[in-house]
Amino acid sequence: MRSRAKAAAAAGAFASLLAAALPGAGGAQGALAVEQRRALVRSLPRGSAFRTNGQPYGFLAGLRAVARAPGEPSGEALARAGAAAAELVEEKGGFAVFRESAAAASEATRAAGRAPTYPVAVNERTGDLGVVPGTLVVRLRDPPAAGELARDHGLSLDFHAAHLGTAFYRAPAGASLPAAAARLAADPRVRSAEIEVKEHFAGPL
């Protein structure tokens, strides 16, 4: 009973932080909203840690992102993902970051036809959120081996910029991206392998 009470108290605190961070929830906008959102992020459990472009990141449990069509309101994008508009945490370029309920977090409970959603990570240095679309950015020692690498590591090759010696791979659904990046980085045909994080955008879409 005591553990249930603690869990309920934590959930209540989480909901209060979320409500304060949302537009129209009565909290101030601008810098205060940013601090409230960061407080919310600090309350979330961390998943695997990784580095991309020299920045430290950690996956966040309980947050997901859905892509928005050009000009699409975030509420409509969230509805396509099976989430309520009240769960919006942040608009991030062409994505809407939202809180995912514990029930919806299970792949088995997601209804067919819902929009795909993506993991969210936090930049541990800045506190900013980033969307992880599932792409691995790989610099190659041997550019002609891009296709062979995909087959050897069970990945799909999304794009190969041979003139730059860089290839973009996608891991199978449910695969661990940090583990896939580590395996690629250990391959002698690879210079470096990192998880793509969409953190900075030129402007709202």
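Among residues of the stretch 152-172 that are of a type in the set (A, V, I, L, M, F, W, C), those with a beta-carbon under 6 Å from a residue that is surrounded by 12 or more Cβ atoms within 10 Å (Cβ to Cβ) and at pLDDT below 95 at least six positions away or on a different chain give the pairs LEU155/ALA171; ALA162/PRO143. Within the stretch 85-107, the set of residues being in a loop (DSSP other than H, G, I, E, B) and modelled with pLDDT under 90 comprises GLY93, GLU100, SER101, ALA102, ALA103, ALA104, ALA105, SER106. Take ALA65 and tell me if it is in contact (Cβ under 8 Å) with a residue 12 or more places away in the chain, assigned to a strand (DSSP E or B) and among the small types (Gly, Ala, Ser). Answer is yes for this residue. Filtering the stretch 44-95 to residues that are in contact with a helix residue (DSSP H, G or I) (Cβ under 6 Å, 6 or more places away or on another chain) and not β-branched (Val, Ile, Thr) leaves SER48, PHE50, ARG68, GLY75, LEU78, ALA85, LEU88, GLU91. Within the stretch 178-185, is even one residue within 30 Å of PRO70 (Cα to Cα), in contact (Cβ under 8 Å) with a residue 24 or more places away in the chain and not hydroxyl-bearing (Ser, Thr, Tyr)? No, the conditions are met nowhere in the stretch 178-185. The combined condition, being modelled with pLDDT under 95, more than 24 Å from GLY58 (Cα to Cα), of a type outside the set (A, V, I, L, M, F, W, C) and surrounded by fewer than 20 Cβ atoms within 10 Å (Cβ to Cβ), is not fulfilled by GLY127.
Residues checked against (1) of a type outside the set (A, V, I, L, M); (2) surrounded by 14 or more Cβ atoms within 10 Å (Cβ to Cβ):
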position: ASP142; (1), (2): yes, yes
position: LEU155; (1), (2): no, yes
position: LEU164; (1), (2): no, no
position: LEU177; (1), (2): no, yes
position: ALA186; (1), (2): no, no
position: ARG189; (1), (2): yes, yes
position: GLU194; (1), (2): yes, yes
position: LYS198; (1), (2): yes, yes
position: PHE201; (1), (2): yes, no
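Scan the stretch 130-140 for residues that are surrounded by fewer than 21 Cβ atoms within 10 Å (Cβ to Cβ) and more than 30 Å from GLY62 (Cβ to Cβ) and the total you get is 1.
Scanning the stretch 23-62 for residues that are at pLDDT 90 or above, outside any strand (DSSP E or B) and buried (at least 17 other Cβ atoms within 10 Å of the Cβ) yields a count of 1.
The values are calculated or read from the model by the stated rules, or taken from the named source; none is laboratory data. No experiment lies behind these values; they were computed from the predicted model shown. Quick reminder, even Gly has a Cβ in these numbers, built from the backbone with ideal geometry, and neighbours come from all protein chains shown.
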